[in-house]
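Peer 1: Attaching a single structure in structure tokens format; questions to follow.
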Amino acid sequence: MKDYIEVDEWKIIERGFNPQHNKVSESIFSLGNGRMGQRANFEEAYSGETLQGNYVAGVYYPDKTRVGWWKNGYPEYFAKVINAANWIGIDVLIDDEQLDLAKCEVASFRRELNMKEGYLKRTFTAKTASGKLMEVEAIRFCSVADDETGAIKYTLSPLNFDGTVTLMPFIDGDVVNQDSNYDEKFWGEVKKETWADGGFIQMRTKKTGFEVATGMLVAVLVDGEQVDTVFRATEKEKYIASSAGLLIKKGEKVSLVKYAANLSSQNYEAESLAANLKETLSRIAEKGFDTMIAEQAKAWAKKWKHNDIIIEGDTAAQQAIRFNIFQLNQTYTGEDDRLNIGPKGFTGEKYGGSTYWDTEAYCVPFYLATAKQQVTKNLLLYRYKQLDKAIDNAKLLGFKDGAALYPMVTMDGTECHNEWEITFEEIHRNGAMAYAIYNYVRYTGDEGYLTDYGLEVLIAIARFWSQRVNWSNEKQQYVILGVTGPNEYENNINNNWYTNKQATWCMQYAMDVIALVKTADPHKYAALVTKINFKEAEETARFKDIIAKMYFPYEETHNVFLQQDGYMDKEQILVKDLPPGERPINQKWSWDRILRSCYIKQADVLQGMYFFEDQYDIDTIRRNYDFYEPRTVHESSLSPCVHAIIAAKLGDEARAYEFYLRTARLDLDDYNNDTEDGCHITSMAGTWMSVLEGFGGMRVKEGKLSFQPFLPGKWQSFSFHIGFRGSLLNIKVSKDGVQIKNLSGNETTVLVYDKEQLVKANDELLVEA
């Protein structure tokens, strides 16, 4: 755990330069707009330790799989959102000395991420080897208002000398991925062009053939006024630059403004990329930096109006929740159903930027409540459009008759994960796909989605489960063997309780939706039956038989659901009894030792308790929580939020608050010593859930929002916005009670502590404590 980020309600602030923290800060201070993003690399040269990262959403490369022992069913490649052309670069020479903070003495340094207005600001004073002191201020952003563009204003001011400063803004397409399996470069140059004050490079990905044109226009200001500047263009392979030498006086402020754009062949014909890029650059340069950053502030104000959470009395908690919401909004906007949410978003290479089941399990609730309905629907359509490939994935593993196994990792629907214990065994992911459909329909009431898309997916998933089980003569029950549950510190286990639970629930939900669609639209149902060759009577009879006869491991002594067969054979040493020097175990222990231990990476049985809480009484949930949480090391970013929500439900304020802070400040404080790889974007949605579903006690019950809130002792109040079926509500929880403001023109009924409250349009009420 690190503690160098200053606490501020609206800003992330790093004061003082510590090279050992640089890669962590590059992740934390990352920028994005849903269409493109970048790590917080320096504009000027930096020869110290860094992870360069610029990313364009949806553009990926199929990096050939690298394994020691190939197994049938392994994917041929790992699809990765790859490092794209570096558009932020500005080389700086002070007389003949390069500005490089790894080589200069850093007299002062401050980095600030302004979350309210959506920009990154860095100020520092550097002393060169010859003693020249240069003060620098760099401001940049990825435009939310114009999501193919970004801009930088880079200002220098000499403090103790007059001299010549050479500025060389550039676009560098000769980039690498640190995680390349074979040290391969993924881009080839198509063409480039330079002119006096800018230029562009058009690159094409190998194999996949995506083309991206990245370009720049630059201008120079002296003491705030634009001046005519003579630039000299430079070209080399995959690289263009414009350089200018400027005489600069002590105390004078010289600014380079760099306008940039990334245009992709996903949205334009490849042949027209250059022309569209030039038009885009001219348009934003005509607007100017000040107008662009004002538009940025306005766009972010609109976002915060709908999804801010305000916490009074706890600045660290306030900063943390806003940081999580900010990163989620930078990563995914929902405007394009070809895109999804990678676990690291635009903040790093780990996990390849691909899509995991995290989206369905953790991100869907956030977007349901904070964005228009179509945003979440697009996440579901992303999976619907990949159903054929999910069926192909299942075929590779020997399944048939339209059974679908959604991939653990994917960009286009093809399985990309190449570890057998995940690729073949972590099949509970299929349940998350079904649960997301259920969650969406429960929240929105959009049953039409089930008719048009959802049922086809649900039947394919149910078919998978009906083939994945086998009958145990010994138990006289159905079992599921050779799996990995959400707790990835267990592999190749039998009868993971959560997986068995998901299997039966998916089959039951499919049958429930079959009945609904048959009644709602018999013609569409008949067409679907024909399309997928669904033998309703035969297949649903098998579903019912499996549901009735599924084996669920149970531990009688503690009266809890058993995580899997044989779990109690493990040595039961609680996490609190582990020596602190052996944590985190995934960095200190061998994999063999982890697999033999009782330690749990993230919620497993408790994930089922969270998803299906309505099926269990409070005592059952409490017994399982009190048994499994002390054995959980929380070494997955997805773990603390589920534990926070359940603790809140149980009235355990201390643990609920502990886990909230841990999930909320996971990256800011680098809890797991891995933030340098990128921020944990999908778990940030879990932080939001910890507040609304945990402290707010928010649920959907019989088509109505329900709240069972409590106020953490350290907070004076907390409030949040939530959109629900055409209404926008503001809920404030304080010592006075629960205040509900209806900010829409529709009256709505909500439940507060299980009592109905009618909130009229554009009105408010207070439910007293």
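The values are calculated or read from the model by the stated rules, or taken from the named source; none is laboratory data. Small disclaimer: the values here were computed from a predicted structure and weren't measured. Backbone-built Cβ (ideal geometry, glycine too); neighbour counts: all protein chains shown. All accessible areas refer to the heavy atoms of the entire protein, side chains included, with ligands and DNA or RNA removed. Shrake-Rupley method; radii C 1.70, N 1.55, O 1.52, S 1.80 Å.
Peer 1: Could you tell me the convex hull volume per residue, in Å³, taken over the Cα atoms of segment 134-240?
Peer 2: Dividing the Cα hull volume of segment 134-240 by its residues yields 160 Å³.
Peer 1: Compute, for segment 518-611, the length of the dipole vector about the Cα centre, with Cβ point charges of +1 (Lys, Arg) and -1 (Asp, Glu) only. Units Debye, rounded to 20. Walk me through the numbers before you get to the answer.
Peer 2: Working: 14 positive and 14 negative charges, 82 e Å.
Computed about the Cα centre, the dipole is about 400 debye.
Peer 1: What accessible area, in Å² to the nearest ten, does a 1.4 Å probe give for Asp577?
Peer 2: Around 90 Å² of this residue is reachable by solvent.
Peer 1: Using the Kirkwood formula over every pair of different C-alpha atoms, what hydrodynamic radius in Å results for segment 48-87? All intermediate terms of the calculation are to be shown ahead of the outcome.
Peer 2: On the way: mean 1/r = 0.0810 Å⁻¹.
Here the Kirkwood hydrodynamic radius works out to 12.4 Å.
Peer 1: Any idea what the dipole of segment 730-769 comes to, in debye rounded to 20, about its Cα centre with Lys/Arg Cβ at +1 and Asp/Glu Cβ at -1?
Peer 2: Values: 5 positive and 7 negative charges, 27 e Å.
Computed about the Cα centre, the dipole is about 120 debye.
Peer 1: Once you keep just the Cα pairs under 8 angstrom separated by 6 or more residues, what percentage relative contact order results for the chain? Don't skip to the answer; put the middle values down first.
Peer 2: Working: 1691 pairs, mean separation 90.9, N = 769.
For the chain, the relative contact order is 12 percent.
Peer 1: Going by accessible area, probe 1.4 Å, with all protein chains left in place, what is the ranking of Asp754, Asp652, largest first? Before the final figure, lay out the partial values.
Peer 2: Working: Asp754 100, Asp652 35 Å².
Result of the area sort, largest leading: Asp754, Asp652.
Peer 1: Compute the separation of the alpha-carbon centres of segment 30-90 and segment 563-636 and state it in Å as a whole number.
Peer 2: Centre-to-centre (Cα) distance: 33 Å.
Peer 1: On the accessible surface of the chain, probed at 1.4 Å, how many percent belong to carbon and sulfur atoms? Before the final figure, lay out the partial values.
Peer 2: Working: 13270 of 28680 Å².
Taking all protein chains in place, the chain shows 46 percent carbon and sulfur surface.
Peer 1: Angle check, please: helix 455-468 long axis (alpha carbons) against the longest principal axis of the chain (alpha carbons), in degrees 0 to 90, nearest 10.
Peer 2: Relative to the chain, helix 455-468 is tipped by roughly 70 degrees.
Peer 1: Of Gln757, Leu743, Gln564, which is farthest along the charge dipole of the chain in the positive direction, counting Lys and Arg as +1 and Asp and Glu as -1 at C-beta?
Peer 2: Comparing the listed Cα positions along the dipole, Gln757 ranks first.
Peer 1: For segment 232-311, rounded, prolate or oblate, judged on the Cα gyration tensor with a ≥ b ≥ c (square roots of eigenvalues), a/c < 1.5 rounded, else prolate if a/b > b/c? Present the calculation step by step, with values, prior to reporting the outcome.
Peer 2: Details: a/c = 2.61, a/b = 1.18, b/c = 2.21.
It comes out oblate by the Cα gyration axes.
Peer 1: Related question: Go through (1) 1.04; (2) 0.99; (3) 1.15 and flag the label whose value is the computed Cα Rg over 2.2 N^0.38 Å for this structure.
Peer 2: (2)
Peer 1: Right, another one. Based solely on C-alpha atoms, express the radius of gyration and the Dmax of segment 319-433 in angstrom.
Peer 2: Cα-based Rg and Dmax for segment 319-433 come out at 14.7, 51 Å.
Peer 1: What is the P(r) of segment 70-166, as percent of Cα-Cα pairs per 10 Å bin from 0?
Peer 2: That works out to 12, 34, 24, 15, 8, 5, 1, in percent per bin.
Peer 1: Can you work out the Karplus-derived ³J(HN,Hα) for every residue in segment 218-233? Use 6.51 cos²θ - 1.76 cosθ + 1.60 with θ = phi - 60°, whole Hz, and x for glycine or proline.
Peer 2: Once rounded to whole Hz, the list reads 10, 8, 10, 10, 10, 6, x, 10, 5, 10, 5, 9, 8, 9, 10, 7.
Peer 1: Need the C-alpha centroid separation for segment 303-344 versus segment 360-398, integer Å.
Peer 2: 20
Peer 1: Name the lysines eligible as straight-distance cross-link partners of Lys302: C-alpha to C-alpha under 22 Å, and not fewer than 8 places from it in the same chain.
Peer 2: Lys11, Lys116, Lys121, Lys287, Lys372, Lys377, Lys732, Lys741
Peer 1: If you fit an axis through the alpha-carbon atoms of helix 387-396 and take the longest principal axis of the Cα set of the chain, what angle between them do you get, 0 to 90°, nearest 10?
Peer 2: Approximately 70 degrees, to the nearest 10.
Peer 1: Using the Cα centre of the chain as origin and beta-carbon charges of +1 (Lys, Arg) and -1 (Asp, Glu), tell me which of Val67, Val479, Thr315 is placed farthest towards the positive end of the dipole.
Peer 2: Val479
Peer 1: Please list 3J(HN,Hα) in residue order for segment 328-333, calculated via the Karplus relation 6.51 cos²θ - 1.76 cosθ + 1.60 where θ = phi - 60°; whole Hz, with x for glycine and proline.
Peer 2: Whole-Hz 3J(HN,Hα) from phi for segment 328-333: 4, 6, 6, 8, 9, 10.
Peer 1: Something else about it: Take the alpha carbon atoms of segment 730-756, find their center, do the same for segment 198-239, and report the distance between the two centers in whole angstrom.
Peer 2: 52
Peer 1: Another question, if that's okay. Using a ≥ b ≥ c from the Cα gyration tensor of segment 591-701 (square roots of the eigenvalues), is it rounded, prolate or oblate, where a/c under 1.5 gives rounded and otherwise the larger of a/b and b/c decides, a/b for prolate?
Peer 2: Working: a/c = 2.03, a/b = 1.21, b/c = 1.67.
Since a/c reaches 1.5 but b/c is at least a/b, the shape of segment 591-701 is classed as oblate.
Peer 1: I've got another one for you. Can you list the residues, at least 5 places off or on another chain, whose amide H is less than 5 Å from the amide H of Tyr119, using H built in the peptide plane?
Peer 2: Amide H neighbours of Tyr119: Asn114.
Peer 1: Rounded, prolate or oblate: which fits segment 234-390 when a ≥ b ≥ c are the square roots of the eigenvalues of the alpha-carbon gyration tensor, with rounded for a/c under 1.5 and prolate only if a/b beats b/c?
Peer 2: Numbers: a/c = 2.17, a/b = 1.33, b/c = 1.63.
In terms of gyration-tensor shape, oblate.
Peer 1: Leaving ligands, DNA and RNA out of it, work out the accessible area of Ser590 with a 1.4 Å probe and give it in Å² to the nearest 10.
Peer 2: 60
Peer 1: Restricting to DSSP H runs of at least four residues, report the calculated mean residue ellipticity at 222 nm for the chain, -39500 (n - 2.57) per run over all residues, nearest 500 deg cm²/dmol.
Peer 2: Rounded to the nearest 500, it is -9000 deg cm²/dmol.
Peer 1: Still on this structure: When the convex hull of the Cα atoms of segment 650-741 is projected onto a plane and the area is averaged over all directions, what value comes out in nm²?
Peer 2: Numbers: hull surface 28.7 nm².
With the hull built on Cα positions only, its mean projection is 7.2 nm².
Peer 1: Can you tell me the accessible area per residue over the chain, all protein chains present, probe 1.4 angstrom, in square angstrom? Could you put the intermediate results ahead of the total?
Peer 2: Numbers: 28680 Å² over 769 residues.
Solvent-accessible surface per residue comes out at 37 Å².
Peer 1: How big is the equivalent ellipsoid of segment 314-365 along its three axes, where each semi-axis is √(5λ) from the Cα gyration tensor, reported in whole Å from largest to smallest? Provide the component values of the computation, followed by the final result.
Peer 2: On the way: eigenvalues 94, 33, 23 Å².
Square roots of five times the eigenvalues give 22, 13, 11 Å.
Peer 1: Hey, what do the phi angles of segment 413-430 turn into as Karplus ³J(HN,Hα) couplings, whole Hz, using 6.51/-1.76/1.60 and θ = phi - 60°, x for Gly and Pro?
Peer 2: x, 7, 5, 10, 7, 10, 10, 4, 5, 9, 3, 8, 10, 7, 7, 4, 4, 4
Peer 1: If you don't mind, another one. For Thr50, tell me the accessible area in Å² from a 1.4 Å probe, rounded to the nearest 10.
Peer 2: About 40 Å², rounded to the nearest 10.
Peer 1: What does the charge dipole of the chain about its Cα centre add up to, to the nearest 20 debye, if the Cβ of each Lys and Arg holds +1 and the Cβ of each Asp and Glu holds -1? List each step's numbers first, then the result.
Peer 2: Details: 88 positive and 111 negative charges, 160 e Å.
It works out to roughly 760 debye.
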